[in-house]
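The values are calculated or read from the model by the stated rules, or taken from the named source; none is laboratory data. In this text the structure is predicted, and so the values were computed from the model without any measurement. So basically every Cβ, Gly included, is an ideal-geometry build from the backbone, and we count neighbours across all protein chains shown.
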Amino acid sequence: MPPRLFLDANVLYMALLRDLLLRLAVEGVCQVHWSAEVQREWKRHLVDDAGYAETAIARTQARMDAAFPQAQVTDYQGLIPELSLPDAADRHVLAAAVQARANVLVTFNLKDFPPGVLDEHVIVPLHLDALLPRLWTESPDGFRLALGRLVASLKAPPMDLEDIATALEKLQMPQTAMLLREEVEAVDGQPAG
């Protein structure tokens, strides 16, 4: 059974990462879950902080919801008061992850989700750069299919695996960047670089 991931807003914020995660879910490498509150958070940051048009972001969310109707977690609000985290504002994320029966909470803010707190819910907090190599190891064929479809979809600008690896490095994801470079080397039969 593929891992059940609950995605924090910060991993949905960047289009490249969001697209890769969703393509991995399409290929059965993982299952993805989020809440309406998480959706509002990443969309708000793209509109307020990055200047994206609200209508374009709403279309992206609508496509996500249509493609993954089972991803939306509901009825978790009653769990929030029972939870304790370093920042009380993050309790909704953990509550939704618990309700989704996720076994991994994917976030860039690991300090906000201490393993000791998540252990009692049998949820592992993982940085995306730790998760992606793990998914590759567990399902290399599905991961390769998702990557191929991601590369084929990137038109403006077009990106190959090396370009994606470079982008991931800039996002402080060196393990995943190295993994992609190793794939380029294996396909090309020569050292990447």
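Things to note:
- On inspection, Ala130 fails the criterion of being more than 30 Å from Leu83 (Cβ to Cβ), hydrophobic (A, V, I, L, M, F, W, C) and modelled with pLDDT of 95 or more.
- Condition met for Trp34 (part of a helix (DSSP H, G or I), out of contact with any Pro (no Cβ under 8 Å at 6 or more places or on another chain), under 20 Å from Asp19 (Cβ atoms) and aromatic (Phe, Trp, Tyr)): no
- Some residue of segment 148-164 being surrounded by 16 or more Cβ atoms within 10 Å (Cβ to Cβ), within 15 Å of the chain's Cα centre (by Cα) and either under 17 Å from Asn10 (Cα atoms) or of a type in the set (Ser, Thr, Tyr) (or both): no
- Filter result for the condition that a residue is within 18 Å of Gly142 (Cβ to Cβ) and either in contact (Cβ under 8 Å) with a residue 40 or more places away in the chain or surrounded by fewer than 16 Cβ atoms within 10 Å (Cβ to Cβ) (or both), over Val29, Val73, Val93: Val29
- Boolean, His45 is more than 14 Å from the chain's Cα centre (by Cα) and buried (at least 16 other Cβ atoms within 10 Å of the Cβ): yes
- Any hit, segment 112-135, residues being assigned to a helix (DSSP H, G or I), surrounded by 15 or more Cβ atoms within 10 Å (Cβ to Cβ), aromatic (Phe, Trp, Tyr) and out of contact with any Asp or Glu (no Cβ under 6 Å at 6 or more places or on another chain): no
- The combined condition, being of a type outside the set (Phe, Trp, Tyr), touching a Phe, Trp or Tyr at 6+ places or on another chain (Cβ under 7 Å) and more than 20 Å from Leu128 (Cα to Cα), is fulfilled by Gln99.
The rows are residues; the columns are (1) touching a residue at least 60 places away in the same chain (Cβ under 8 Å); (2) of a type outside the set (A, V, I, L, M); (3) in a loop (DSSP other than H, G, I, E, B); (4) within 20 Å of Ala100 (Cβ to Cβ).
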residue: Gly142; (1), (2), (3), (4): yes, yes, no, no
residue: Leu145; (1), (2), (3), (4): yes, no, no, no
residue: Leu150; (1), (2), (3), (4): yes, no, no, no
residue: Ala165; (1), (2), (3), (4): no, no, no, no
residue: Gln172; (1), (2), (3), (4): no, yes, yes, no
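- Residues satisfying the stated conditions in segment 1-24, i.e. in a helix (DSSP H, G or I), surrounded by fewer than 19 Cβ atoms within 10 Å (Cβ to Cβ) and over 9 Å from the mean Cα position of the chain (by Cα): Ala15, Leu16
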